[in-house]
Amino acid sequence: MVTCKETGAVIIALHKKGFTGKDIAASKIAPKSTIYRIIKNFKERGSIVVKKASGRPRKSSKRQDHLLKLIQLWDRGTTSAEFAQEWQAGVSASARTVRQRLLEDGLVSRRAARKPLLSRKNIRDRLILCKRYRDWTAEDWGKVIFSDESPFRLFGASGKKLVRRRQGERYHQSCDMPTVKHPETIHVWGCFSAKGVGSLTILPKNTAMNKEWYQHILREQLLPTIQEQFGDEQCLFQHDGAPCHKAKVITKWLWEQNIDILGPWPGNSPDLNPIVNLWSILKRRVDKQKPTNSDKLQALIMQEWAAISQDVAQKLIDSMSGRIAEVLKKKGQHCKY
């Protein structure tokens, strides 16, 4: 029995010798329709190879695809399903087709980053700060003490938790993340520099940070850190623009202590403060040990804070030049940090 390719060759050989399609079909080496199709292809193209089909025609033109891309860039939150309902005049496509067109242009769907809203004033202040310190070296940033306050919560303080589970184990105790309606919250204040972590203090329960408490913390926590890490060497102190930080009594006290301030610090700018990244590291380490009550949570916070190495602190401080450069490049908008 001959193969398909051989069959075509035999049919063409017989056709060249003067046999008609009907004559060749009488030999029953192939269906009559196949014989006529092979002879037709040979007459039209001089070959028995069938031209590869082009596939289903695209539902949209290049111009329409480009317009789709522009619309998506103008409104990043529009879903492919919403586009599919009415792409534009003359185009009717499924959500899958819309996604394929956008993927061709490198537009992939990802969860939106959560960042503080930046006002015009925030953007202007960010640019002022970054232009002021754009030429600072790692050595310059090594003379800055960064500070901040942060909340720690029992039961899933860090947010997402990934687990590996088998089918049917979604609600298994080892695969869930316990939550409570009103988790107990502990507020802490800390500071650090390129020389390592400094003091960390836990505010008493139900205590709001006000100018009185802030001055107490600066006196009892900041001053010892400055003395321990810098001695008589001059350094700069960074804190954000929270109302209690800008109080006249605080400004006066810092001046009396001969403590220079880095800034003024722009609002809504956690991406410029490396201690925010330090809080994330600390929270992951604490959450990993699953504290079950407030006392254990407090003990773990202090324990893991003390365990943060000087190398970690140094790397965070070294990132400042990159943060400054990226904010300038993005004209005041958020950076990746």
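The values are calculated or read from the model by the stated rules, or taken from the named source; none is laboratory data. Predicted model only: the values in this text are computed from it and were never measured. Every residue, glycine as well, gets a Cβ built from its backbone with ideal geometry; the counts of neighbours run over all protein chains shown. For accessibility, only protein heavy atoms count, side chains too; no ligands or nucleic acids. Shrake-Rupley method; radii C 1.70, N 1.55, O 1.52, S 1.80 Å.
Within the accessible area of the chain, what % is carbon and sulfur when the probe is 1.4 Å and the other protein chains stay in place?
Values: 11560 of 22200 Å².
Roughly 52 percent, rounded to a whole number.
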Item to check | Spatially proximal lysines relative to Lys246 (Cα-Cα < 19 Å; intrachain offsets below 8 disregarded) | outcome: Lys121, Lys211
Next on the checklist: Which order do you get for Leu70, Leu272, Leu328 if you rank them by accessible area with a 1.4 Å probe, largest at the top?
Outcome noted: Leu70, Leu328, Leu272
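Need the full-extension length gain, Thr20 to Leu73, defined as separation in residues times 0.36 nm minus the C-alpha distance. One decimal, nm.
Values: separation 53, 0.36 × 53 = 19.08 nm, distance 6.19 nm.
So the chain would gain 12.9 nm between Thr20 and Leu73.
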Checklist entry - FRET efficiency for Asp311 and Gln227, Cβ-Cβ distance as r, R0 = 22 Å, nearest 0.05? => result 0.45
Checklist outcome for this item: Listed by chain and number, the residues whose amide H is under 5 Å from that of Ser319, excluding neighbours fewer than 5 places away on the same chain and using placed H, are none
Next on the checklist: For the chain, give me the percentage of DSSP beta bridges that are antiparallel, rounded to the nearest 5 percent.
Outcome noted: 75
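On a full-extension model of 0.36 nm per residue, what is the gain between His216 and Lys329, subtracting their alpha-carbon distance, rounded to one decimal in nm? Before the final figure, lay out each step's value.
On the way: separation 113, 0.36 × 113 = 40.68 nm, distance 3.92 nm.
The His216-Lys329 span can extend by a further 36.8 nm.
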Item to check | Filter on Lys248/Lys315; Lys115/Lys330; Lys62/Lys331 - keep pairs with C-alpha separation over 26 Å | outcome: Lys248/Lys315; Lys62/Lys331
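Roughly speaking, what is the stretch gain from Asp140 to Val10, that is 0.36 nm per residue apart minus the C-alpha to C-alpha distance, in nm to one decimal? Walk me through the intermediate numbers first.
On the way: separation 130, 0.36 × 130 = 46.80 nm, distance 8.53 nm.
Taking Asp140 through Val10 to full extension adds about 38.3 nm, to one decimal.
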Checklist outcome for this item: Among (1) 20.2; (2) 16.8; (3) 31.1, the value of mean projected area of the Cα convex hull in nm² computed for this structure carries the label (3)
Checklist entry - Which part of the range 13-33 falls in the paramagnetic zone of Lys40, meaning amide N under 11 Å from the point 7 Å along Cα-to-beta-carbon? => result 33
Next on the checklist: Taking the Cα centre as origin and putting +1 on Lys and Arg beta-carbons and -1 on Asp and Glu beta-carbons, what dipole magnitude results for the chain, to the nearest 20 debye?
Outcome noted: 3280
Checklist entry - So what does Glu220 come to for accessible area, using a 1.4 Å probe and Å² rounded to 10? => result 90
Checklist outcome for this item: Karplus ³J(HN,Hα) for the range 272-277 (6.51 cos²θ - 1.76 cosθ + 1.60, θ = phi - 60°; Hz, whole; x = Gly/Pro) runs 8, 10, x, 5, 4, 5
Checklist entry - For the range 181-211, list residues with backbone N below 16 Å from a point placed 7 Å from the Cα of Met302 toward its Cβ? => result 186-191, 198-205
Checklist entry - What are the residues whose amide H is under 5 Å from the amide H of Gly198, where those residues sit 5 or more places off or on another chain and H is modelled from the backbone? => result Cys191, Phe192, Ser193
Checklist entry - Relative contact order for the range 185-337 using alpha-carbon pairs under 8 Å, separation at least 6, rounded to a whole percent? => result 29
Item to check | Residues with amide H under 5 Å from that of Val144, placed H, sequence gap 5 or more | outcome: Ala194, Leu236
